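The values are calculated or read from the model by the stated rules, or taken from the named source; none is laboratory data. Since the model is a prediction, treat every value here as computed from it, not as a measurement. Glycine gets a Cβ as well: all are built from the backbone with ideal geometry, and neighbour counts include every protein chain shown.
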Amino acid sequence: MYKKTILLIIATCSVFSAFAQHYFDIEFPNANRGAVCQKYIQLFNQRPKEVGFSIVKDENNTLFFQTNSKEWFQQLFKNAGDGLAVDIVSKDRYNCSEDEIEKSQIKGHLLKPVYSSALHKILKQDEKGMFKVRLGSIPSDLIGKDLEFNILFLSNKNLCLYYNIYDIKSYQWELLDMGFYLDSLTYKTKLRVKLDQESYTLKYKTLKFKIPFQKNKSEYSQEDIKPLYDSLRLTDFNIKKIHIRAYSSIEGNLERNIELQEQRANSIVSAMQSFQQPTIVTEVNSSENWVEFLNDITGTEYENYKELSKAQIKSKLANGSASDLEKYLKNHRKAIISLELEKKDPYNKMTADELMSTFNKTIIEDNLDNALAIQNSLFERLKGKEKNPDFLQKMIVPKQLKFVQIFNKNSAFRALMDIKQLLISYNDFLELSNLSPKDPRIQYNLIAAKIQLWRFKALPIKEETLKKEILELKNFDIKAPLIKRMMVNFHITKSELLMQKRDYINKDKSVAYIYENYKSVPLTDYDYLSLAQYLSYYSNHSKAIKILEDKVKSIEVDENLLFYYINLTLIDTELTQTPDYRTIMLNALNMNKEKFCRLFNPSNDGGVTFQLLEDDYLRNTYCENCTK
């Protein structure tokens, strides 16, 4: 997946002090700011949301203001006193050894302003189409430090807007996963890896359940697990992978809690492994259950604990309140277990070549059921890279209606395994549609492939025709949520094309359709994440946040989804002060402390911005958890 970084620009209009400070010839208006800056701010805020700007640094430590819109730039800097300046801020300002941060309008080293006449003279367009103006250089005593660059927008030499630049990681979104029909609807699912890595699998059957832990118990026997294993009815399935999130209640020593949880998790894995021969791939994460603790004490006599640090809460529990709170704590000791299952292969002793020979024999014998089962075994060998997909061409199958599902499965499988095969598979589906025009699986696969090819600009498409074909799938008994998912993908693709044409009005209509209809579509966590990234990319940050806000309140939230939400919301100082947000942050800290702490790196070094530490609450959280 192609990784991109977008610069989310958020206005932070400074609260101007009663004692106006003067830097160079900049005026800092106070009571008359509304009158002095009103027209300028109005013009600034009327820019299309697709217009972006930022500060960039070259290899010589020279700083440039850049924007993607020359027209907006020229409108903004018309008068002689309209200009720009840069405040160079060092992370040293937020040293945790200091009790307080000095509050000031200018946070670091201010470069000399550059005004309208000079700005227009030195404006240049680079090879990427961005428009740039030079604003100055980093002083020698700041080179090598962690730095960020804030922008001062000046009108008639008055400071009207002071901007921080927040670096929010974004990734090329994907269409909501439509899958293809083989025997049943099969998906190509993103694995639990870094978002910028290409790593997919064909989805196995997945089951999720919880196991409560008894206090101080760490061992699980076969007898403990067997009722659970039997209830899964694994006669036809093996466990391919088990992922365990093990949670301890928060009282007690952190290191001991984590050690106990890992013992419990590994004991569960060992007990599960005793029921089958194939090795179970395991992934175990352990943490304290702060999320449910803080949720459960809401509205109780212990609600004031939510205002305390983690260390202070642990101290309270150690000094007697743990027994009173045991009615809550007992529910916090648990494991959330996800099992990925794969169907048992009755032909697993045969080589791929033997399988192919047997398959062709069953076709001659007209034994279609066995042929379909052997075909699935061949797919497993191809997924395991024992053979490449071209091996399927050795199948000797007449082009007859009774064998249409064999051809359909082959074409769908090739498209799922390699997106480069999509156009070939589409043409296969088209031919199969003519052979079996009423087959719902073929019709679904045909339209699913068509939507994806349209997005890749690999197939000329008439939008209204495609829209009609999607809606007509109801005539083939395709379920309404699957059709709605296709319509969401239709508008995702359409909005991209409209964006390229700069048809922002109609693009916004497609975005509105997506936002209004996504709830009627069953979504995976990865779908939610992709949809939020899509909306954020098109500057619909509030909608992206709204989509994720219910998901992030659970300890079962996907890590990538949780951190993407935090990236989007850390800049909202009103939200970060709420008890709910503290719960979300502690969830992230427990899930991946290193990743959470990196959010406060410089915006040009993988962080959102270290200037978030102006917020006393965020600074306390950072200093408590990230500097030890």
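The figures follow:
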quantity: Among the candidates SER536, SER495, residue that is at pLDDT 90 or above, part of a helix (DSSP H, G or I) and either touching a helix residue (DSSP H, G or I) at 6+ places or on another chain (Cβ under 7 Å) or under 30 Å from ASP439 (Cα atoms) (or both); calculated: SER495
quantity: Among the candidates LYS450, LYS474, LYS484, LYS467, residue that is basic (Lys, Arg), in a helix (DSSP H, G or I) and more than 31 Å from the chain's Cα centre (by Cα); calculated: LYS474
quantity: Members of the stretch 574-626 that are of a type in the set (Ser, Thr, Tyr) and closer than 20 Å to CYS96 by Cα; calculated: THR576, SER603, THR609, TYR617, THR621, TYR622
quantity: Pair list, Cβ < 8 Å and 6+ apart or interchain, from the stretch 65-92 residues that are closer than 22 Å to SER137 by Cβ to residues that are assigned to a helix (DSSP H, G or I) and not hydrophobic (A, V, I, L, M, F, W, C); calculated: PHE77/SER116; PHE77/HIS120; GLY83/SER116; VAL89/GLN611
quantity: Any chance SER338 is under 30 Å from LEU260 (Cβ atoms) and either surrounded by fewer than 20 Cβ atoms within 10 Å (Cβ to Cβ) or not assigned by TED's automatic domain parsing to the domain that holds PHE209 (or both); calculated: yes
quantity: Qualifying residue in the stretch 74-84 (condition: part of a strand (DSSP E or B), crowded, with 20+ Cβ neighbours inside 10 Å and in contact with a strand residue (DSSP E or B) (Cβ under 7 Å, 6 or more places away or on another chain)); calculated: yes
quantity: Number of the condition not met by LEU119 [criteria: (1) surrounded by 20 or more Cβ atoms within 10 Å (Cβ to Cβ); (2) within 15 Å of TYR162 (Cβ to Cβ)]; calculated: (2)
quantity: Test: residue in the stretch 154-163 that is under 29 Å from the mean Cα position of the chain (by Cα), of a type in the set (Lys, Arg) and at pLDDT below 95; calculated: no
quantity: Single match in ASP345, ASP366 (criterion: of a type in the set (D, E, K, R), assigned to a loop (DSSP other than H, G, I, E, B) and surrounded by 13 or more Cβ atoms within 10 Å (Cβ to Cβ)); calculated: ASP345
quantity: Cβ-Cβ under 6 Å pairs, at least 6 apart or on other chains, the stretch 41-60 side buried (at least 18 other Cβ atoms within 10 Å of the Cβ), far side among the aliphatic types (A, V, I, L, M) and at pLDDT 90 or above; calculated: ILE55/LEU63
quantity: Matching option when the condition is in the same structural domain as ILE26 (by TED's automatic domain parsing), of a type in the set (Lys, Arg) and under 35 Å from the mean Cα position of the chain (by Cα), among LYS121, LYS70, LYS78, LYS112; calculated: LYS70
